[in-house]
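Asker: Take this structure first; my questions come after.
Quick note: the coordinates plus some simple rules give every number you see, no bench work behind them. Source: prediction; values computed, not measured. Reconstructed Cβ throughout: ideal geometry from the backbone, glycine too, with neighbour counts over all protein chains shown.
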Amino acid sequence: MAFVLPTFNISVNIQDGGIVPPLGPPRLTLNGQLRAPHANNALIIPAAGATSTMVLLLPPGTDIRDPWSLPINNSDWVEAPAGTGRWYRVAFVDDIGRGFPNEHRFAILQKVFGVPWPTPIP
């Protein structure tokens, strides 16, 4: 069975890295798919401590920036689903299936300490 393009079933907001959410309007609002990571990348351990991660699948060519995009160390913020107050920091971005009909972009998102989520989580 051939791999098919993922379904982009939720609306997400992408905000420039220099703006701590929820200040200012999003740079981009589009549909994506938020999913749990595979077991081998379920935890990122930065200097500030361990945080959980999620995976975001997006249409090909989506303008989403990780810490290695210019300006360096200024990765985007993602609110997923849009309007919920659930903010993540982009840790890594790459493409899947480049040059094939199922091409799409994926981002590893990191829940960040010090950015409160609404309670209860929507």
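Asker: Got a sec? How would W87, W68 order by Cβ neighbour count within 10 Å, fewest to most?
Answerer: On the way: W87 20, W68 10.
Placing the least packed residue first, the sequence is W68, W87.
Asker: Extension gain W117-S69, at 0.36 nm per residue separation less the Cα-Cα distance, in nm?
Answerer: 14.7 nm
Asker: For each of V20, V12, count neighbouring Cβ atoms within 10 Å of the residue's Cβ, then give the residues from fewest to most. It would help to have the intermediate numbers written out before the result.
Answerer: Working: V20 13, V12 28.
Arranged by neighbour count, lowest to highest, V20, V12 become V20, V12.
Asker: Something else now. For Q15, what is the net charge nearby, where nearby means another residue's Cβ is under 10 Å from its Cβ and Lys, Arg count +1, Asp, Glu -1? Write out the running numbers ahead of the final one.
Answerer: Values: positive: R27; negative: D16, D76, E79.
Here the count lands on -2.
Asker: On to the next question. Among residues other than P26 whose Cβ falls under 11 Å from its Cβ, what is the net charge (Lys/Arg +1, Asp/Glu -1)?
Answerer: -2
Asker: Taking the beta-carbon count within 10 Å as an exposure proxy, list D66, D76 from fewest neighbours to most.
Answerer: The fewest-first ordering by Cβ neighbours comes to D66, D76.
Asker: May I pose another question? Pick out which of N31, N102, N74 has the largest mean-square fluctuation in a Gaussian network model of the chain, springs linking Cα atoms closer than 10 Å.
Answerer: In the Gaussian network model the winner is N102.
Asker: I would also like to ask the following. Sequence gap at least 6, Cα distance under 8 Å: using those rules, report the relative contact order of the chain to the nearest whole percent.
Answerer: About 26 percent, as a whole number.
Asker: Subtract the Cα-Cα distance of T29 and T7 from 0.36 nm times their separation in residues, and report this length gain in nm to one decimal.
Answerer: 6.3 nm
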